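Visitor: The structure follows.
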Amino acid sequence: MKCFQHVADIGDLKAALDEALEVKKNRFAYQHLGKNKTLLMVFFNSSLRTRLSTQKAAMNLGMNVIVLDVNQGAWKLETERGVVMDGDKSEHLLEAIPVMGCYCDLIGVRSFARFNDKQEDYEERIFEQFKQYSGRPVFAMETATVHPLQAFADLITIEEHKTCPRPKVVMTWAPHCKPLPQAVPNSFSEWMCATGYDFVIACPEGMELDERFTHGATITHNQDEALQGADFVYAKNWSAYRDPNYGKIINRDMSWTVSAQKMALTRNAHFMHCLPVRRNLVVTDDVIESPRSLVIPEAANREISAEVVIKRMLESM
Ligand SMILES: NCCC[C@H](NC(=O)CCC(=O)O)C(=O)O
Ligand SMILES: NC(=O)OP(=O)(O)O
């Protein structure tokens, strides 16, 4: 595997899940693969889980790990060609990327949507340049439009907790105080549509996501109806995707907060969220703290999804 970005990159999902469960049973079985190999993690944005779980996964595989926080101590990077660089940006990404590639064997990149320009975000201009100019296999650690390590970890978590072959999984929009990217819901939807699950997306009108990620899902604007019979409730806020509101908050409806009353509509569903989560905006304290909440197992499985992805990249070197 030379790139990990979309569900298709992982190939057969059943095989990937089997491999994940095997890795989870013995996460140090492939130490030889990473010997004398270096992972570089590049962060343009903050992280807790991705940073720790991906480093842990690489260490499980015997790798060395170096981390670059672009906004803390590195030169400020210009990303556009043709700019006269007489401002505060000292170095161009077009030099920085191949230089980074010199010091490592694999690169993970976190680069969120900037919401300046929808086309720039959805063309993945930063991540694509890493693919093109680093000379290394590259994986997404949440880019402008996708967060596949999260979606893979969520899929593993659902497989571990489902009690029927085809569970009903409902991804619901929930309110938030900041305009958030669509990467997490895009990838969750893309991955769920690739399973045989009954997958439903509930969101307010105007909050529909890019159809390239939601094709195959049932989409409704009625949250209560969607929650009926749900086995898993995946809450997430995202800002508007559709023009002319791209990247904006167009809805603050607190009746979409996932509460005990909402969970009572489900088939005793598990609650899921990628974290970090704003309590009592997205989900109430009692729901996230309940025994049906899977937020910690999801985070734990981030180590496993990352290990499978890095392992496959090392194997195909
Ligand atoms: N990697 C997990 C989610 C990251 C990001 N959340 C955030 O930026 C939350 C920030 C805040 O709540 O202040 C998102 O939704 O894509
Ligand atoms: N879920 C997730 O990616 O968390 P971080 O943003 O903390 O890495």
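Computed from the coordinates by the stated procedures, all read-outs in this text should not be read as laboratory data. From a predicted model like this one, the values you see are computed outputs, not experimental measurements. Don't worry about glycine lacking a Cβ; one is built from the backbone with ideal geometry, like all the others, and counts go over all protein chains shown.
Visitor: Tell me which aspartates and glutamates have Cα within less than 15 Å of residue 89's Cα, excluding those fewer than 8 residues away on the same chain?
Guide: 78, 80
Visitor: Would you work out the relative contact order for segment 150-298, in percent, from Cα pairs under 8 angstrom that are 6 or more residues apart?
Guide: So the answer I get is 28 percent.
Visitor: Relative contact order of segment 1-92: what whole-number percent is it, with Cα pairs under 8 angstrom and at least 6 residues apart?
Guide: Relative contact order comes out at 24 percent.
Visitor: Now a separate question. Contact order normalised by length for the chain, with contacts defined as Cα pairs under 8 Å and 6 or more residues apart; what percent is it? Present the calculation step by step, with values, prior to reporting the outcome.
Guide: Values: 618 pairs, mean separation 62.3, N = 317.
The normalised contact order for the chain reaches 20 percent.
Visitor: Helix-derived [θ] at 222 nm for the chain: sum -39500 (n - 2.57) over DSSP H runs of at least 4, divide by residue count, nearest 500?
Guide: Roughly -10000 deg cm²/dmol at 222 nm, from the helical runs in the chain.
Visitor: When all C-alpha to C-alpha distances in the chain are sorted into bins of 20 Å, what percent of pairs does each bin hold, rounded to whole numbers?
Guide: Answer for the chain: a P(r) of 33, 57, 10, 0 percent.
Visitor: Let me ask something else. Would you list which aspartates and glutamates come within 17 Å of residue 162, measuring only between C-alpha atoms, while excluding same-chain residues fewer than 8 positions from it?
Guide: Output for residue 162: 18, 154, 198, 231, 298.
Visitor: If you don't mind, another one. Treat the count of other C-beta atoms within 10 Å as a stand-in for reagent exposure and order 104, 203, 193 from fewest to most.
Guide: Ranking 104, 203, 193 by Cβ neighbours within 10 Å, fewest first, gives 193, 104, 203.
Visitor: So what's Rg/Rh here for segment 41-151, counting alpha carbon atoms and using the Kirkwood radius for Rh?
Guide: Radius of gyration relative to Kirkwood radius: 0.95.
Visitor: With a point put 7 Å past each Cα toward its Cβ, work out how far residue 243 is from residue 48 in nm, to one decimal.
Guide: According to this spin-label approximation, the distance is 3.8 nm.
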